[in-house]
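Report on the structure given below.
Nothing in this text is a laboratory measurement; each read-out follows from the coordinates by a stated rule. Fair warning: this is a prediction, and the values are worked out from it, not measured in the lab. Here the Cβ is made from the backbone with ideal geometry for all residues, glycine too, and neighbour counts use every protein chain on show.
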Amino acid sequence: MYSDLAGKVAVITGAATGIGKAIALRFGQEKMKVVVDYRSKQEHASEVVQAIKEAGGEAIAVQADVSKEEDMKRLIEAAHTSFGSLDVMVNNAGIQKEIPSHEMRLDDWNKVISVNLSGTFLGASQAIKYMLENDVKGCVINMSSVHEIIPWPHFVHYASSKGGIRMMTQTLALEYAPKGIRVNAIGPGAINTPINAEKFSDPGVKASVEKMIPMGYIAEPDEIASVAAWLASQEAKYVTGITLYADGGMTLYPSFQAGQG
Ligand code: NAD
């Protein structure tokens, strides 16, 4: 636990499920005030709000589509209206869909880019605007992926969105460091969440993914939430512009593990 986080206000996008939910629950344990954004799963979002309150934090659920500018403005206003500030913005919402690149239509491409890349931009830029106008030395955390540096056939839109998040994170970090606003990303490897549920329900596919992870296992969402809590805390007050990979070593060229090459 990080005592400086207690009472701080956070907005987390896509927080009704998976990694976003785990971050929301962890922030609740840190006694933070959390705006739980959801797109359509209102019931799930209400459960997250309830769990945060039971842990000693405060929370509200707000429906907002991260790819829409007006929704993002409303989301950030909700933090101000309900809790009086915005200290930590977590741009977590994301989607993926397998399509061979030569069969990918512009619509397919735009859908993923608008949520993953444009949604992250809207969240980051609107949060920073709020922090500048209200003299908050806050932080932004963008949910990237190991696929910001590992190419991913059949997921060119997804990998491109995460590669873009890496450069966006670095650029915003550089631009706003003089104002005391930190901007970082997290690069998860393979995590057990709804986005992967179908894939990991097949034991053969699951085993082949585990083989790509030097530490040998698929992580749970709370193993990413602990990284978000650290990045948000003052323990990381000199850290900006990085992607912190939490991937069990997936980005370490695992095929070289036994000394080949
Ligand atoms: P998830 O599907 O549980 O979470 C994604 C959430 O985003 C969902 O709650 C979904 O409703 C929400 N969302 C989708 N579109 C939205 C929109 N337009 N507006 C608002 N919310 C929207 O899966 P997850 O694994 O928890 O994914 C969270 C993030 O982590 C994503 O950005 C994903 O790319 C990233 N990530 C996940 C893994 C993994 O292995 N699970 C690995 C690397 C990165």
| task | With all distinct Cα pairs included, what does the Kirkwood hydrodynamic radius of the range 107-244 come out to in Å, to one decimal, could you say? | result | 16.1
| task | Could you tell me which of the pairs 73/111; 111/137; 31/162 are separated by over 24 angstrom between their Cα atoms in the structure shown? | result | 111/137; 31/162
| Largest-first principal axis extents of the Cα set of the range 15-166 (Å) | 49, 33, 26
| task | Using Cα positions and a limit of under 19 Å, work out the aspartates and glutamates in reach of residue 199, with same-chain residues fewer than 8 apart set aside. | result | 98, 210, 220, 247
| note | The orientation-averaged projected area of the Cα convex hull of the range 72-137, in nm², is 5.2
| message | Can you tally the net charge around residue 13? Count Lys and Arg as +1, Asp and Glu as -1, for every other residue whose Cβ sits under 11 Å from the Cβ of residue 13. | response | -2
| task | For residue 81 paired with residue 135, estimate the spin-label separation in nm (one decimal), with each label point 7 Å from Cα along the Cα-to-Cβ line. | result | 2.6
| Residues 167, 89, sorted so that the one with the fewest Cβ neighbours within 10 Å comes first | 167, 89
| said: Using Cα springs under 10 Å in a Gaussian network model of the chain, which residue among 34, 205, 227 shows the largest mean-square fluctuation? | reply: 205
| field | Estimated FRET transfer efficiency when R0 is 35 angstrom, pair residue 237-residue 68 (beta carbons, to 0.05) | value | 0.60
| field | Whole-percent pair-distance distribution, where bins are 5 Å wide, for the alpha carbons of the chain | value | 1, 7, 13, 18, 20, 17, 12, 7, 3, 1, 0, 0
| note | Per the 1/(1 + (r/R0)^6) rule, R0 = 35 Å and r from the Cβ atoms of residue 167 and residue 205, FRET efficiency to 0.05 is 0.70
| Alpha-carbon centroid distance for the pair the range 71-140 / the range 17-32, whole angstrom | 17
| task | Mind listing the long-range amide H neighbours of residue 245? Cut-off is under 5 Å, sequence gap 5 or more, other chains count too, H placed in the peptide plane at 1.01 Å from N. | result | 187
